[in-house]
Every structure is written in C-alpha cells, then in structure tokens.
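Report on the following structure.
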Amino acid sequence: MGPSTSIAQLKGVGPDSARKLASLGITTVADLIAYFPRRYDDYSQVLPIKQIVPGAVTIQIVIKQVSGRYVRRGMHITEAIASDATGSVRLVWFNQPYRERAIRLHEPYYVSGQYLLRRQRFAILNPSIELVSSFPLNTARIVPIYREAKGISSLQIRRLLQAVLPIIDQQPETLPDWLARDAQLMDRGAALRAIHFPDNAKQLSQAQTRLGFEEVFELSLASLLNKYELQRDMTISIPFDQQLARDFVAGLPFRLTDAQRRAVWDIYKDMAKSQPMNRLIEGDVGSGKTVVATMAAVMAMSRGYQVAFMAPTELLARQHAETISSLLEPLGMHLQVTLLTGSIPLKQKALAYKHISQGHAQCTVGTQALLQEAVRMPKLALVVVDEQHRFGVQQRKALMAKAGLMPHLLSLTATPIPRSLALTLYGELDVSILDSKPAGRQSIMTKICSPNSNSSIYAAIEEQLQSGRQMFVVCPSIADSETLQIRSVEKVFAELSKGAFRKWRIGMLHGKMKSDEKAQLMDAFVGHTLDILVSTTVIEVGVDVPNASVMLIEGADRFGLAQLHQLRGRVGRGLHQGYCYLMMSDSSAPTERLRALERSTDGFRLAELDLSLRGPGAIYGTMQHGQLDLRMASLNDVQLIAKARHAAQACIDRQLDLSNYPYLQDRVTRLRTVTNLN
C-alpha cells in the first residue's frame, strides 16, 4: 500500500463510501493525506470534573448508569452519569438512541464536549466519547474537523487517516535540504502527521507553517521561472517618442495624475527594450487605466505596429473602442480603431478581418472574438488585456500566438490586489499602481439600508432624478427563484415601473439578452433617453456613464466585497456627487463587509479585508483559483510570503535542478500553466 493506492482498498471503505469520498476529491491515499482539516476543536486539556467550567471541556471518567427515553414530538434523549474521583456530571445526547446500547458501564472513557446550562442544570451536551487509549481520535486531543459529505463524517475521515499513518510517516522530503534547514521548517512527513493529529498547539503551528510555506514557495518558484523565461524571449523594441507623448497629453480634456505619469513612464521604458513587457496596471475604480493603456497603444501604432485590446464583455469592448477613438482624435493621425465582437454582422466582421490582416487596423478592440483563427495580426506588437484575472491562461496565450514575436503585454485590473497576493500570484508581472483619482473626483457616499427604509431612500433618489441625474439598480439574479428569497431584475423592474418611479423612463438589462439589445439599452442610458437602468452585474466593470449619480444594490448582502466596490464605482464618475445605497435582503444586522464598504472608499484597504474574509479566490477570480491549491497558506502572512519568495529566488540563483525533486518538479510545472501567462 502506498500513496497511489485506491481509497476503495482501505478497510471499511465499500463502493458507496468510495463514491462519497470521491465527491470530496478523495480517490487515493495521497488525496486523503492531502485532505487538510478546515478547523480544529481543542479538547486536549483533560480536567477533573470538579475543575470544569462552562465551555469546551474534556474529562476522563467511568459511566455508572445510562438511560434513554422518548419525549414530546418523538425526540429521544439519552442521559448518563459520568464520574471520576472528584465528582459526577450529567451527559446528554439528543436523538442518538444507540448510545444507551453502545456505552460500557464502569469502563474508562474520554468525554469531550460543551459543558452548558440546560433547564437550570449543567450537563455536557452531545459529547464525543471513546474508550481511553494512547491514540484517541475524537476526544482528549486537538481534534481536526474536515469538510464533510452526506454519509462521510469527520470521524470517518480521521479513522481512515489513522489507518494510513505509516504511509504519512514515510512521506519523503520534497524540498532541498539546505532550503528546509535555512527556513527552519519541520520535516514534511512530520508536518503531514501533525496537521491531522497534532500533539499540541505548537506542533500544529509548525506544521501549518511548513505546509503553507511549501504552497507559497511552489507558486513563487513557478512565477519566477515564467518571468525569467519570458525575459529570454525577443520582441519588437518600440522607442519612446517624446513629442508624440506630449501631443497626446496636450489633447486630453483633463490633467494626468502623478500616478498615471509614473505608470506611463514605466510602460515606455519597458516597450523600448527588446524583451517583452509583462506589466500589470493595478488601479482602483475611476483611476484612469484606459488613458494609460491608450498612451501605450499610440506609441506602438505610430510606428506602424498593431495593438490588440481585449475586454471581458462586448459592452466593455464597445465602450473601450469609443473611448480610445475619442482619445486619439486630437492627434489627427488617422489611427484606425476596429471593433471585433461576436455579435457584429458577418459582412462587417469579414471587412474587419481584412483590415486587420492587411495591417490597416492599427488597434483592434474586442472580446474573445480576437482569439478566432480567422483573426490575423501580422504586425502585432502590443496586447492589452483588461480585467486580466477574468481570462484563462490559454486564452491569453492564443492572443499572443498571433504575432511572430512575443508581443509586449499590458494587463489592467480595477480590482485592487493586496501586496501579498500580487507577489504570490502575479510574481512574474511588473506592477504599476494607480493610487490616486483624477482631480475633482469625489468619494461616493455609501449607506446601508433596510427594506423597511424604502420610502426615505426613494425620496432621496427622487431628488437626484429631479435634478437630471440617472440611477443604476443592480439585482443578484435575472428572475425570481423558488428557493432563494431574492429580488430579481424582472421583479424590481416591474415594481419600479408601476410604483415609486413610474413617471421615469426605466430600462432592464441582463446577460441573457442579445448583444444588440444590450447595446441599444446602454446607448439609451448613456444618451439619457432612460433615467433608470435595472440590471444584473453585467455593468460591474468599466461601464462609464458620467451623468449617473445613484447606485442602488438590491440584496447587497448577497454580493462579495470586491464586487460591491466595483459596482459602486459605476457612479460619481462625472461632476456630480455619487450615492450608493446597499439594500439588505431583510432586516438582519449588516455583515462586516457591508460595514467596511460603508466606512471606506479605499479599494486597497477593502481588498485586504476581502482577502482575510474570503480568501484569494475573492480577488483572483474563479477561473483559476481552484487550481492554485492554497489550502494551508494564509496570504495575510506577509513574513511567510517574503520568506518563501526569497527561497524561490535562491533556487533560481543556485540553478536548482528540479529533476532531482520529482514532486516539486511536478507541482511547479503544473503551477507554471496556472499562475499567469506562460
């Protein structure tokens, strides 16, 4: 028996159990060993009965009497009297009639559970109980609690892990000896045993550190290898044209922020090199990323090269094409911006293909339609990918494959990324941060609302509409659900149209509508032939309507913090004060993330909180997060990340031969395809 042994071969695992374990991702012994606890209950301190106090307790006792009975409504109660040399205590189980038959009187037991007051008498309620042994599984220790499936309990998983302890102890070291020694890490086999069956809190902490370090180290090494490999590629050098940059800035209807100027200079220096740029522009909502990207694009276009600008939605692609065209117009250079999306008519699409393949379309803005084989870009020198965490690795590689040489890459994200996450997941990218907003941009006033306060909120919104402003209303779903009590786009649209805002022009927008319908609705809203737009999160990123001053989010407690911040950024983008109302689903107390959003408009601070509340998936996006396998590392542990990052760089400097470490080589090879671009 070894790590590759099927879980079905373990004693006590039949076909039914094997299917249920497979639903948890456990099909082999290796999967079982890597199935880490989600939390722990500390029952390691065994006390005499006379010393226990309300809360979690563990005692070593004998049971002298036990009885069971049915009470009202068919509930069964089992009661036992447990005793040691210092006293006695009641044990109570609800709806566990087998307890009476299973308990052996006068045998020594460990009992762990919550000692609580019930009906004016103290008792240990629904405790775990097992005969005293040298290796208890669910009492008298720090007890691991696992994610369960129907028919598979944490106790069953612990029993299976106990059965494979000899295999756990034999797990080989996966890191170089010098690295484990320098980083003062626990042996891997010892760490795996301790993560499942820790002897004490210190040992558990050491195991978590070791396994968390390994996860971050593997990611960091993968991203650094990608970075250095990219630096060996050759690309087109695009010299900096100072006069062109000055002319572009002079034609802008606003002044660049210092952060934008720094980012543009970083880009120009990168593009002048013969190694491909790989830069991420990270900026909060409204920080001016599109202008920075256009300044990069114009430098390439002026030299006769092509630029591909990829957006996550047709709505955003269309808007980017219009924005870039308007920004280029003052230059008077007749630089052609072509829109290519899946929904444009076939005749128009064929013409676009022709212009692109002949090099006449200097800037092509589109969605995944840019990846189609029919799209040829012979002079492609720069790729701009907006909201880059929304695209998979293979999609970005397909876009880059359209050039003979590796083009320069500029990634944009409006989701502020905590430094720890950026170092770990975007390690191969150079990062420029737009940490200031354009002059005159006001902070958005945010308020949490209960459904009971509709009338006062609607009155405040009415004032905005009377003043000529517009409103977004965002709902969690398109249609009503039989299982979830949520306010849908269809329901809210019907209510507002017939109720409080019936005199205003209201439109409805959602992802299932045809592209031309969505475009017409957005045009109507931008052109102010609609006053209110009721929508799903299809308007989350990039949509720019300067006259919109109100964002009403229905069921705000059902959205993530990062998403709420993005939605809020859709208003207050012009000269007018922006307002965001976070309407709760019910009258319960607001969550911590809603309170944070009400207090702060600092996207970077909110991103740190979102990371701590929901993990890296909240920011990195769902497409690749599941493959990152961050089960143990805390990305809030800046010291651990710095340590792992340093160790990864040391491996590069030492030219570590990964073939000598098969497990590490396999992990790093897989992660290189996940972390970013190569």
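The values are calculated or read from the model by the stated rules, or taken from the named source; none is laboratory data. All figures in this text were calculated on a predicted structure; none of them were measured in a lab. FYI the Cβ positions are ideal-geometry reconstructions off the backbone, even for glycines, and counts take in every protein chain you see. Note: accessible area is taken over every heavy atom of the protein model, side chains too, but ligands, DNA and RNA are not part of it. Shrake-Rupley method; radii C 1.70, N 1.55, O 1.52, S 1.80 Å.
Per-structure values
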quantity: Flag if D523 is acidic (D, E), touching a strand residue (DSSP E or B) at 6+ places or on another chain (Cβ under 7 Å) and under 27 Å from G286 (Cβ atoms); calculated: no
quantity: Close pairs (7 angstrom Cβ cut-off, 6 or more residues apart or separate chains): closer than 16 Å to G2 by Cβ in the stretch 157-175, aliphatic (A, V, I, L, M) and surrounded by fewer than 17 Cβ atoms within 10 Å (Cβ to Cβ) anywhere; calculated: I167/M1
quantity: Checking R39 against (1) surrounded by 15 or more Cβ atoms within 10 Å (Cβ to Cβ); (2) under 30 Å from A207 (Cα atoms); (3) not polar (S, T, N, Q), the condition it does not meet; calculated: (1)
quantity: The stretch 496-529, residues that are surrounded by fewer than 15 Cβ atoms within 10 Å (Cβ to Cβ), at pLDDT 90 or above and within 16 Å of Y458 (Cα to Cα); calculated: K498, R502, K503
quantity: Evaluation of T58 against (1) surrounded by fewer than 17 Cβ atoms within 10 Å (Cβ to Cβ); (2) under 25 Å from A163 (Cα atoms); (3) among the polar types (S, T, N, Q) (one fails), failing number; calculated: (1)
quantity: Conditions (1) among the aliphatic types (A, V, I, L, M); (2) touching a Ser or Thr at 6+ places or on another chain (Cβ under 8 Å); (3) outside any strand (DSSP E or B): number failed by L105; calculated: (2)
quantity: Selected residue [more than 30 Å from T209 (Cα to Cα), touching a strand residue (DSSP E or B) at 6+ places or on another chain (Cβ under 6 Å) and either at pLDDT below 85 or of a type in the set (D, E, K, R) (or both)] from R599, R595, R568; calculated: R568
quantity: In the stretch 220-257, the residues that are under 30 Å from the mean Cα position of the chain (by Cα) and either open to solvent by 40 Å² or more (accessible area, probe 1.4 Å) or closer than 22 Å to G288 by Cα (or both); calculated: L225, K227, Y228, E229, Q231, T257
quantity: Members of the stretch 323-353 that are open to solvent by 40 Å² or more (accessible area, probe 1.4 Å), modelled with pLDDT under 90 and charged (D, E, K, R); calculated: K347
quantity: Residues (under 15 Å from M508 (Cα atoms) and modelled with pLDDT of 90 or more) located in the stretch 536-565; calculated: M551, L552, I553, E554
quantity: Candidate set: the stretch 292-322, residues that are under 20 Å from I539 (Cβ atoms) and not aliphatic (A, V, I, L, M); chosen: the one surrounded by the fewest Cβ atoms within 10 Å (Cβ to Cβ); calculated: E322
quantity: Subset of the stretch 506-539 (residues that are under 25 Å from S467 (Cα atoms) and of a type outside the set (A, V, I, L, M)); calculated: G507, Q520, D523, F525, G527, H528, T529, D531, S535
quantity: Criterion (open to solvent by 40 Å² or more (accessible area, probe 1.4 Å), at pLDDT 85 or above and among the charged types (D, E, K, R)) met by exactly one of K379, K289; calculated: K379
quantity: The lone exception for W93 - which of (1) open to solvent by 40 Å² or more (accessible area, probe 1.4 Å); (2) touching a helix residue (DSSP H, G or I) at 6+ places or on another chain (Cβ under 8 Å) it fails; calculated: (1)
quantity: Residue selected from the stretch 468-495 under the condition open to solvent by 30 Å² or more (accessible area, probe 1.4 Å) and touching a residue at least 40 places away in the same chain (Cβ under 8 Å), by the criterion nearest to G560 (Cα to Cα); calculated: P476
quantity: Residue within the stretch 634-653 that is among the acidic types (D, E), within 23 Å of F36 (Cβ to Cβ), surrounded by fewer than 19 Cβ atoms within 10 Å (Cβ to Cβ) and at pLDDT 85 or above present; calculated: no
quantity: Filter result for R193 (buried (at least 16 other Cβ atoms within 10 Å of the Cβ) and free of Cβ contacts under 8 Å to residues at least 40 places away in the same chain); calculated: yes
quantity: Hits in the stretch 131-157 (condition: open to solvent by 20 Å² or more (accessible area, probe 1.4 Å), closer than 18 Å to T27 by Cβ and among the aliphatic types (A, V, I, L, M)); calculated: A149
quantity: Looking only at the stretch 1-36, and only at residues there that are open to solvent by 50 Å² or more (accessible area, probe 1.4 Å) and assigned to a loop (DSSP other than H, G, I, E, B), the one that is modelled with the lowest pLDDT; calculated: M1
quantity: Residue list for the stretch 554-569, filter: closer than 14 Å to V534 by Cα and within 21 Å of the chain's Cα centre (by Cα); calculated: G555, L567
